[in-house]
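Undergrad: Please see the structure below; I have some questions.
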Amino acid sequence: MAIIELRGIKRHYTVGDIVVRALRGLDLQVEEGEFLAIMGPSGSGKSTLMNILGCLDKPTEGSYVLDGLETSTAGADDFAEIRNSKIGFVFQGFNLLSRTSAMENVELPLFYKKGAARRDQAKRAKAALVEVGLGSRLDHLPSQLSGGQQQRVAIARAMVTDPAFILADEPTGNLDTEMTLEIMSLFQALNDRGKTIVMVTHEPELAAYCRRIITLRDGSLVSDQAVLQRARATEALEAWKAENALIAAQKAGGAA
Ligand SMILES: Nc1ncnc2c1ncn2[C@@H]1O[C@H](COP(=O)(O)OP(=O)(O)OP(=O)(O)O)[C@@H](O)[C@H]1O
Ligand SMILES: [Mg+2]
């Protein structure tokens, strides 16, 4: 079943006398279980598309059906409800509450979810943190976690409401190579378990971990390709660690 169905999406921004045509009639279908990368040069419309996919913005023209719901005609309340229940956001800057523990950060979206039994909240937040490998860091504050761990908390927070898909905007933009590979490996594991993921990235090496890559240029979709030989982030991570261990050993040998 299609989770995302965009038809003829246009987004025009009017600035003074100038009309910027940021998206020029985009069609896109994303099925359940896909792992999609959105690529394209600066100014091509990636953030504009992200904002529409994330129900943070509405197109000037066109239809967006999310998990069977038409969003373009939804009123403000329904639009916000669709956003909160159907989409899990992961941002480059983590966006965690700094004075709030990992558990409380992950529990937060459940307070806004209609019909969620309150007593189940802690249980679900804990399960989400265990799923991202942070079962031993429940009470840590963001400042007591590494960047990669903070992004894991953000991913647990995105997952806890069981959204139709995860929308990630340059999720590893603030992370070093090792943490980047850890996060990509986590995304691949979640996707292998059936989670639909849409990720914006500038980097072809990261897009290679996805299953499908679309490329925007000047507001239009210029390519849409399946990734035939998908890179495995866990393997890249192991290779990276082994290489670093070797370099460290050589340095230690040289110093002796
Ligand atoms: N709020 C806005 N008002 C007016 N023009 C805008 C607005 N947001 C984006 N644009 C214009 O729309 C076009 C697409 O912008 P967008 O931010 O979607 O690009 P992008 O692909 O995300 O670029 P980058 O890789 O630099 O983040 C650009 O020409 C930009 O100047
Ligand atoms: Mg952008």
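Every read-out reported here was derived from the displayed coordinates using simple, explicitly stated rules and does not represent laboratory data. Keep in mind that this is a model prediction, so the values were computed, not measured. As a convention, Cβ positions derive from the backbone with ideal geometry for all residues, glycine included, and neighbour counts pool all protein chains shown.
Undergrad: Translational diffusion coefficient of region 10-87 at 4 °C, 1.567 mPa s, Stokes-Einstein with Kirkwood Rh over Cα pairs, in µm²/s as a whole number.
TA: Translational D for this selection: 95 µm²/s.
Undergrad: What is the sum of charges around ALA74, taking Lys and Arg as +1, Asp and Glu as -1, for the other residues whose C-beta is under 12 Å from the C-beta of ALA74?
TA: Value of the local net charge: -1.
Undergrad: Just the number, please: percent antiparallel of the DSSP beta bridges in the chain, rounded to the nearest 5.
TA: Given both bridge residues lie in the chain, the antiparallel proportion sits at roughly 60 percent.
Undergrad: Within the chain, how many lysine pairs that are 8 or more places apart, or on different chains, have C-alpha atoms less than 18 Å apart?
TA: Pairs that pass both the separation and distance tests number 11.
Undergrad: Set the Förster distance to 41 Å, then compute FRET efficiency between SER98 and ASP192 from the Cβ-Cβ distance, nearest 0.05.
TA: Once the sixth-power term is evaluated, E becomes 0.80.
Undergrad: Please report the net charge: other residues with Cβ closer than 9 Å to the Cβ of THR196, K and R +1, D and E -1.
TA: Computed value for this residue: -2.
Undergrad: Ok, one more. Angle check, please: helix 233-255 long axis (alpha carbons) against the longest principal axis of the chain (alpha carbons), in degrees 0 to 90, nearest 10.
TA: Orientation of helix 233-255: about 40 degrees from the principal axis.
Undergrad: In addition: Output the relative contact order of the chain, whole-number percent, from Cα pairs under 8 angstrom with separation of 6+ residues.
TA: In percent, rounded to a whole number, it is 25.
Undergrad: Spin-label point model (7 Å from Cα, Cβ direction): what's the ALA127 to ARG230 distance in nm?
TA: The two pseudo-label positions are separated by 2.4 nm.
Undergrad: Springs between alpha-carbon atoms under 10 Å, Gaussian network over the chain: tell me which of GLN225, GLN151, GLN121 tops the mean-square fluctuations.
TA: Among GLN225, GLN151, GLN121, the largest GNM mean-square fluctuation belongs to GLN225.
Undergrad: Starting from the alpha-carbon convex hull of region 128-227, give the projected area averaged over all orientations, in nm².
TA: With every direction weighted equally, the projected area is 7.1 nm².
Undergrad: Another question, then. In degrees between 0 and 90, to the nearest 10, how far off the longest principal axis of the chain does helix 102-112 point, with axes built from Cα atoms?
TA: So the inclination is approximately 20 degrees.
Undergrad: A follow-up question, please. When the C-alpha atoms of the chain are aligned to their principal axes, what extent does each axis show, in angstrom, from largest down?
TA: Extents along the principal axes: 69, 46, 39 Å.
Undergrad: Still on this model: Tell me what the chain gives for mean residue ellipticity at 222 nm when only DSSP H runs of n ≥ 4 count, each as -39,500 (n - 2.57), the sum divided by the residue total, rounded to 500 deg cm²/dmol.
TA: -12500 deg cm²/dmol
Undergrad: Now for a different question. Using 0.36 nm per residue, how much length does the chain from GLU70 to TYR112 gain when fully extended, once their Cα-Cα distance is taken away?
TA: Full extension from GLU70 to TYR112 adds 13.0 nm.
Undergrad: If you line up the long axis of helix 147-159 against the longest principal axis of the chain, both from Cα atoms, how many degrees apart are they, to the nearest 10?
TA: Compared with the principal axis, the helix lies near 40 degrees.
Undergrad: Still on this structure: Let me see the P(r) profile for region 7-55: every Cα-Cα distance counted, bins of 5 Å, each bin given as a percent of all pairs.
TA: Whole-percent P(r) values from 0 Å outward: 5, 16, 26, 28, 14, 6, 3, 2, 0.
Undergrad: At a Förster distance of 25 Å, what's the computed FRET efficiency of ARG217 paired with ASN84, Cβ-Cβ distance as r, to 0.05?
TA: My answer for the efficiency is 0.20.
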